[in-house]
Amino acid sequence: MATLRDLGLSEYETRAYRSLLETGPTTAKELSRISDVPMGRIYDVLNSLETQNLVRSQAASRPKKYVAVEPETALDRLLEDKKQELEEQANQYEEIVDSLAEDLEAAEPIGETFWTAAVGPEETAELLIERLTAADDRIVIVTSQFSQQFDLDEIGDRSVATLKDALDRGVEVKLLMPPEMVEALPDSVGERYRELLQPHDGFEVRTSEDVIGTFETIDDTEVCIEVPHPLRENETFAVIDFKDPEFAATVTAEFEARWADADPLEL
């Protein structure tokens, strides 16, 4: 069950405020007795509630009396304070992330081969988006069939958003596909690519009949190969990520040859 403590009040503050709602205007001494808040603490508790604009005091009276602010107003104020607190915490975390970004820059092993794999729609999407996010210079996408990056669901939206973020930070993005795929693309997909990706100078699409498989290369040093599901159309079964400069160089050279012969396309 929710309590005022969930909104930041202490146990004593909660008791005092609830008791004030029941008694109406009263003195600190009387409130201490009714709420079971020790007399040695009651003034600190009331001062805190007054600072939070949950209690008002009548200073002219002797002894001084206190009254609770109406519950609806009090809850709105507590909620607003919590929102502000969370916003400040979020800003602090963003500053921490910015300050740590350079310190935690990963060293890239030169010439060392590393590979990993993910299986399942969510897992493959996470791996693919993670690797696209890591791009510094260039992303190449070659696709011979519909895959998750063209889906109309959340995964497709995240893929497009990731590519847009890459373009925004100066990464070049090239997309190569067979002509028949263009004709089969839903209008909404073409619209999404036109609105979010095409305005960038670094984004280019070409078509070629000589397209086999579906894969992405990252900075010409890493290759993500998408394995289609054997039973479900347009679903990626697995993604294999190779960090192998020699293998990536071979794939890149083959891509460049086919890209040079491909036809430019405006989505």
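Could you tell me the center-to-center distance, by alpha carbons, between region 76-99 and region 221-244 in angstrom?
With region 76-99 and region 221-244 each reduced to a Cα centre, they are spaced 39 Å.
Could you grab the relative contact order for the chain? Cα pairs under 8 Å, six or more apart, rounded to a whole percent.
Details: 390 pairs, mean separation 44.7, N = 267.
After rounding, I find 17 percent.
Give a quick list of trypsin sites (Lys or Arg not before Pro) in region 54-142 that DSSP marks as loop, anything other than H, G, I, E or B, with at most 16 other Cβ atoms within 10 Å. Could the numbers behind the result be given before it?
Values: sites: Arg56, Lys64, Lys65, Arg77, Lys82, Lys83, Arg131, Arg138; in loops: Lys64.
Hits after loop and neighbour filter: Lys64.
Run the dipole for region 1-101 about the Cα centre, Lys and Arg Cβ at +1, Asp and Glu Cβ at -1, nothing else charged, and hand back the magnitude in debye, nearest 20. Write down the numbers at each step before the final one.
Details: 13 positive and 19 negative charges, 197 e Å.
Rounded to the nearest 20 debye, it is 940 debye.
Ignoring everything except DSSP H segments at least 4 long, calculate the 222 nm mean residue ellipticity for the chain; use -39,500 (n - 2.57) per segment, divide by total residues, nearest 500.
Numbers: 9 runs with 128 residues, N = 267.
Calculated from helices alone, the mean residue ellipticity at 222 nm is -15500 deg cm²/dmol.
Farthest toward the dipole's positive end in region 1-102, which of Leu4, Ile96, Thr27, given Cβ charges of +1 (Lys, Arg) and -1 (Asp, Glu) about the Cα centre?
Thr27
Using +1 at the Cβ of each Lys and Arg and -1 at the Cβ of each Asp and Glu in the chain, identify which of Ala118, Leu185, Cys224 lies farthest towards the dipole's positive end.
Ala118
Among Leu175, Ile42, Asn53, which residue has its Cα positioned farthest towards the positive end of the charge dipole of the chain, with +1 placed on the Cβ of Lys and Arg, -1 on the Cβ of Asp and Glu, and the dipole taken about the Cα centre?
Ile42
For a quick check: with amide H placed at 1.01 Å from N, whose amide H comes under 5 Å from Lys65's, ignoring anything fewer than 5 positions away on the same chain?
The list, which skips near neighbours in sequence, is Gln58.
Regarding region 114-265, what's the average projected area of the Cα-atom convex hull, expressed in nm²? It would help to have the intermediate numbers written out before the result.
Values: hull surface 32.6 nm².
Averaged projected hull area, Cα only: 8.1 nm².
How big is the dipole moment of region 216-267 about its Cα centre under a simple scheme where the beta carbon of each Lys and Arg is +1, that of each Asp and Glu is -1, and everything else is neutral? Debye, nearest 20, please. Walk me through the intermediate numbers first.
Values: 3 positive and 15 negative charges, 43 e Å.
It comes to approximately 200 debye.
What's the exposure ranking of Ile212, Ile42, Ile129, going from fewest to most Cβ atoms within 10 Å?
Numbers: Ile212 10, Ile42 21, Ile129 18.
Taking fewest neighbouring Cβ atoms as first place, the list is Ile212, Ile129, Ile42.
Can you put Val119, Val223 in order of Cβ neighbours within 10 angstrom, beginning with the fewest?
Working: Val119 13, Val223 22.
Ordered from fewest to most neighbouring Cβ atoms within 10 Å, Val119, Val223 come out as Val119, Val223.
Per residue of region 46-54, in order, report the coupling 6.51 cos²θ - 1.76 cosθ + 1.60 (Karplus, θ = phi - 60°) as ³J(HN,Hα) in whole Hz, putting x for Gly and Pro.
The phi angles translate into 5, 5, 5, 4, 5, 5, 7, 6, 9 Hz.
Where does each of Ser99, Ser32 land when they are ranked from fewest to most other beta-carbon atoms within 10 angstrom? List each step's numbers first, then the result.
On the way: Ser99 9, Ser32 23.
Fewest to most other Cβ atoms nearby, the residues stand as Ser99, Ser32.
State to the nearest 20 debye the size of the charge dipole of region 114-265 about its Cα centre, where the only charges are +1 on K and R beta carbons and -1 on D and E beta carbons. Working shown, then result.
Numbers: 12 positive and 36 negative charges, 12 e Å.
Dipole of region 114-265, to the nearest 20 debye: 60 debye.
Where a number appears in this text, it was derived from the coordinates with a stated rule and is not lab data. For clarity, every value in this text was computed on a predicted model and none was experimentally measured. Reconstructed Cβ throughout: ideal geometry from the backbone, glycine too, with neighbour counts over all protein chains shown.
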